[in-house]
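What follows draws every value from the coordinates through simple rules; no lab data is involved. All values derive from a computational prediction rather than experimental measurement. Counting neighbours? That spans all protein chains shown, and the Cβs are built from the backbone with ideal geometry, glycine included.
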Amino acid sequence: MIDTSLMISGLVVGVIFGFVLQRGRFCMNSAFRDIILLKEYSLIKAVSLAIVVQMIGFHLMATVGWIQLNPKPFYWGAMIVGGFIFGIGMVLAAGCASGTTYRVGEGMMGSFVALIGLMIGGLTTSAGALAWLNSDLKSGVFSLITSDDLGVEPGPLIKDGNTSLTLANVLGLDPWIFVVIIAIVILAILMWKRGGEESKVEGTAYERIFKAGWDWWVTGIAVGIVGMIAFLAFKNYGLGISGGWFGFLNALITGDPEKLNWFTFLVIGVVLGASVAAVIAGEFKLRAPNAKRLLQQFVGGLIMGIGAVIGTACNIGHILSGIPQLALSSILGGVFIILGTWTAAYIIFMRG
Amino acid sequence: MSSDVKPTDVLDVRGEVCPYPDVKTQKKVKAMKSGEVLEVLVDYPLSAERIPRSMEKAGHEILKTEKTGTGEWKILIKIK
């Protein structure tokens, strides 16, 4: 069992994260899918801003020594295959790992079913019938590539012993160069493309925070700050969702509390926080789609779980927490999550 | 526009998940004639905010977005 202070910190960060996710309707499935499907850009703007906030925040915290960056290992084949599978899964599940989790807190039973699928798919792939696929994609030609293999320095600010590749250590440049350039480019695009998506909600501060959905820039900054708090609280990594649920089911079926991890308490907190936010806003309602859609969401969840284990992280672990660390693994995984999302969205919604 | 405008048609997408409320609304709107009014019933918060936004962007007029109950909204769209 993880110690009590970590349990509490996971739960507290989770409650805040869940509140922010529900108020901001923060979902990467929508964010990526709607670039091509609905031509709606408010969530992708929120995601981009959250990445910038965390990229600056993580590197500041690492520079002053509060944290050490911990980029994920570069299993290139697993990132490509796992990311692509995960992207397909989240379209079918009607929500990414974090979107599915916060919507359980809103009372959406389809997301609840998707979540069960996610947990089963994950354990099947990490230790069950599909474990061979996971190990095949991480061995042989798909073996890990480290900074030692490339003969480059592991790089500053990175946790001792971690030899994962980042943009900075591969190119032998100071990570701050990338942080500043990427931040300027993204912020410039956000400024240039602003307008159109901001809500026209008026009212008191209370109504704007607790009743109406947030503007994308509020959501982006809030998610970014929560991610920084998460890294400070957990020390080892930023936010993550799927690993927490895998630990939850694993602990349930083995009876072994050692299987619970920091992220397990985080995701339970997310459900609670989203529930609180939804109840206050008058948006909590137990609801379910038809049987066909429930089945679709279950299968989607299953596929997401398989993809998250193969790819070593879900959309949150890679795109929200890994890309800001400039991890090549997360950049590659993130690109293929997006490609998987677009492929599935095209086939399901846009053909013909 | 008065709030008691009679809708030409009603689309009930309550229970539907992301992005079906939006996709079904777009499809329905495409099949309707200029000046007609569509009433959309939705219980998915993200779509309740996104449908008015995307419909206005497409040039249609949002006559009303009303929260009709816990987690339920009614959107009135006048087709361009």
- Query: In debye, nearest 20: dipole of chain B around its Cα centre with unit charges on the Cβ of K, R (+) and D, E (-)?
  - Reply: 320 debye
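Counting other Cβ atoms within 10 Å, keep those with at most 11, restrict to DSSP loop, and tell me which trypsin sites (Lys or Arg not before Pro) in the stretch A:211-263 are left. Don't jump to the answer; show the numbers that get you there.
Details: sites: A:Lys211, A:Lys235, A:Lys259; in loops: A:Lys211, A:Lys235.
Nothing satisfies the criteria.
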- What ranking of A:Asp136, A:Asp149, B:Asp4, B:Asp22 emerges when the number of other C-beta atoms within 10 Å of each C-beta is taken as an exposure proxy, fewest first? B:Asp4, A:Asp149, A:Asp136, B:Asp22
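Return the calculated 222 nm mean residue ellipticity for the protein assembly as shown, to the nearest 500 deg cm²/dmol, obtained by summing -39500 (n - 2.57) across DSSP H runs with n ≥ 4 and dividing by the residue count. Write down the numbers at each step before the final one.
Working: 18 runs with 253 residues, N = 432.
Computed mean residue ellipticity for the protein assembly as shown: -19000 deg cm²/dmol.
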- Task: In whole Hz, with x marking every Gly and Pro, tabulate ³J(HN,Hα) for the stretch A:149-160 from phi via Karplus 6.51 cos²θ - 1.76 cosθ + 1.60, θ = phi - 60°.
- Result: 4, 8, x, 10, 5, x, x, x, 6, 9, 3, 4
- Query: Sorted from fewest to most neighbouring beta carbons within 10 Å, what does the list A:Ile2, A:Ile303, A:Ile16 look like?
  - Reply: A:Ile2, A:Ile16, A:Ile303
- For labels at A:Asp149 and A:Ala188 in the simple 7 Å Cα→Cβ model, what's the distance in nm? 3.4 nm
- Diffusion coefficient in µm²/s returned for the stretch A:99-250 by Stokes-Einstein, Kirkwood Rh over C-alpha pairs, 4 °C and 1.567 mPa s, is 65 µm²/s
- Karplus-derived 3J(HN,Hα), 6.51/-1.76/1.60, for each residue of the stretch B:36-53, Hz, glycine and proline x: 6, 10, 9, 9, 10, 9, 9, 10, 10, x, 4, 5, 4, 8, 7, 4, x, 4
- Task: Place a +1 charge on the Cβ of each Lys and Arg in the stretch A:170-263 and a -1 charge on the Cβ of each Asp and Glu, then give the dipole magnitude about the Cα centre in debye, rounded to the nearest 20.
- Result: 80 debye
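Please rank A:Leu123, A:Leu69, fewest neighbouring Cβ atoms within 10 Å first, as an exposure proxy.
Working: A:Leu123 22, A:Leu69 26.
Exposure proxy ranking, most exposed first: A:Leu123, A:Leu69.
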- Any idea which of B:Thr25, B:Ile75, B:Gly15 is furthest toward the positive side of the dipole for chain B, if Lys and Arg beta-carbons carry +1 and Asp and Glu beta-carbons -1? B:Thr25
- Check each of the chymotrypsin sites (Phe, Trp or Tyr not before Pro) in the stretch A:250-352 and keep only those in coil by DSSP with at most 10 other C-beta atoms within 10 angstrom; list them in order. none
- Candidates A:Glu283, A:Glu258, A:Glu40, ranked by Gaussian network fluctuation over chain A, Cα under 10 Å, top entry: A:Glu258
- Item | Reachable lysines from B:Lys27, criterion Cα separation under 27 angstrom, eight or more residues apart if same chain | A:Lys39, A:Lys45, A:Lys200, A:Lys285, A:Lys292, B:Lys6, B:Lys57, B:Lys64, B:Lys67, B:Lys74, B:Lys78, B:Lys80
- Task: Output ³J(HN,Hα) for the stretch A:95-100: one whole-Hz value per residue in order, computed from phi by the Karplus curve 6.51 cos²θ - 1.76 cosθ + 1.60 with θ = phi - 60°, and x for Gly and Pro.
- Result: x, 6, 4, 6, x, 4
- Item | Assigned charges on the beta-carbon of Lys, Arg, Asp, Glu; the stretch A:1-101 dipole about Cα centre (debye) | 220 debye
- How long, wide and thick is chain A, going by the Cα atoms along their three principal axes, in whole angstroms, largest first? 56, 53, 47
- Note on the structure: Quick calc: nm separation of the 7 Å Cα→Cβ label points for A:Phe349 and B:Glu61 -> 2.8 nm
- So what's the gap between the Cα centers of the stretch A:1-51 and the stretch A:301-352, to the nearest angstrom? 15 Å
- Residues whose modelled amide H sits under 5 Å from the amide H of B:Leu63, counting only those 5 or more places away in sequence or on another chain, are B:Leu76, B:Ile77, B:Lys78
